[in-house]
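The values are calculated or read from the model by the stated rules, or taken from the named source; none is laboratory data. Treat the numbers as computed from the prediction; the structure is a model and nothing was measured. Here the Cβ positions follow ideal geometry from the backbone for every residue, glycine too, while neighbour counts run over all protein chains shown. The accessibility values were calculated without ligands, DNA or RNA, using every heavy atom of the protein model including side chains. Shrake-Rupley method; radii C 1.70, N 1.55, O 1.52, S 1.80 Å.
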Amino acid sequence: MKNKILIILFIIVSLAFKLQETNTLPEGFVYADSVIPDIEVELRYYSSHNFVGDTITGYQANRLILTKQAAEALKLVQDDLQQQNLCLKVYDGYRPQRAVNHFMEWARNLTDTIKKQEFYPNVNKKYLFRDGYIATRSGHSRGSTLDLTIVDAETLEPLDMGSPYDFFGIPSWVSYEGITKEQKENRQLLQKVMNKHNFRSYSKEWWHFTLRWEPFPDTYFDFPVK
């Protein structure tokens with residue numbers, strides 16, 4: 001009987017250590033929902049709804065990971081928007097380097113254009129590196145960069161930003177003029193609230209923001225999203 005109890009205790013302790021190991025992040029990183037419990041997350045690279053058309057290497061769960069500083073700043077953005085009956089929806093946060101490598105491999109395969117019509121209809125795939133759409137390093141791998149939009153807090157429908165997320169082309173530029181007044185106002189709202197809380201924007205992607213004074217400005221991480 002005593003041996004049986006010891007075996008059961010050993011199994012419980014082993015499972016506890018296994019669970020702890022699974023959920024351990026590098027120091028300085030957090031799961032965003034531990035700071036913002038009501039954050040909407042749709043990691044596009046965990047799904048096939050992205051410009052590659054497949055789950056990207058390193059994405060093993062739909063869990064948003066950020067540096068602690070980025071998550072805390074994002075909480076302030078969420079709080080601001082909720083006063084207007086709006087909230088955030090995040091498409092990507094921390095991105096392992098192995099995912100960036102997957103993008104590079106995909107970009108070199110010029111015959112794989114299954115998602116061209118949706119994500120890069122007017123861009124020749126062979127120019128994705130030259131034009132800066134695909135790079136060998138990404139700020140996302142430093143943990144303080146996000147891709148996101150604003151949604152209605154009741155319906156969770158995204159506001160119309162005038163171009164889809166991850167669309168390769170000039171319509172995604174923040175200053176693009178070929179959109180409606182409402183779409184411009186939606187983009188300006190996102191820019192304003194993110195800038196207010198110390199996220200700097202990227203002029204060629206309305207959805208892309210990086211925390212000012214990020215804690216790991218020169219470090220590119222590769223632990224998986226899980």
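Taking the stretch 214-226 as the range and being open to solvent by less than 40 Å² (accessible area, probe 1.4 Å) and part of a loop (DSSP other than H, G, I, E, B) as the test, the residues that pass are 214, 221, 223, 224. There is no residue in the stretch 76-96 that is open to solvent by 50 Å² or more (accessible area, probe 1.4 Å), of a type in the set (Asp, Glu) and either touching a residue at least 12 places away in the same chain (Cβ under 8 Å) or in contact with a strand residue (DSSP E or B) (Cβ under 9 Å, 6 or more places away or on another chain) (or both).
Let's see how each residue does on (1) within 19 Å of residue 220 (Cα to Cα); (2) surrounded by fewer than 17 Cβ atoms within 10 Å (Cβ to Cβ):
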| site | (1), (2) |
| --- | --- |
| 26 | yes, yes |
| 29 | yes, no |
| 33 | no, yes |
| 37 | no, yes |
| 41 | no, no |
| 48 | no, yes |
| 65 | yes, no |
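Checking the stretch 141-156 against the condition returns no match, with no residue being out of contact with any strand residue (DSSP E or B) (no Cβ under 6 Å at 6 or more places or on another chain), basic (Lys, Arg), at pLDDT 95 or above and surrounded by fewer than 17 Cβ atoms within 10 Å (Cβ to Cβ). In the stretch 113-140, of all residues being polar (S, T, N, Q) and under 19 Å from residue 45 (Cβ atoms), the one that is surrounded by the fewest Cβ atoms within 10 Å (Cβ to Cβ) corresponds to 136.
Please verify whether the stretch 179-192 includes one or more residues that are exposed (fewer than 13 other Cβ atoms within 10 Å of the Cβ), within 15 Å of residue 70 (Cβ to Cβ) and modelled with pLDDT of 95 or more. No - not one qualifying residue is present in the stretch 179-192. For the stretch 193-213, a residue qualifies if it is farther than 29 Å from residue 122 by Cα and open to solvent by less than 20 Å² (accessible area, probe 1.4 Å), and the qualifying residues are 193, 194, 199, 211.
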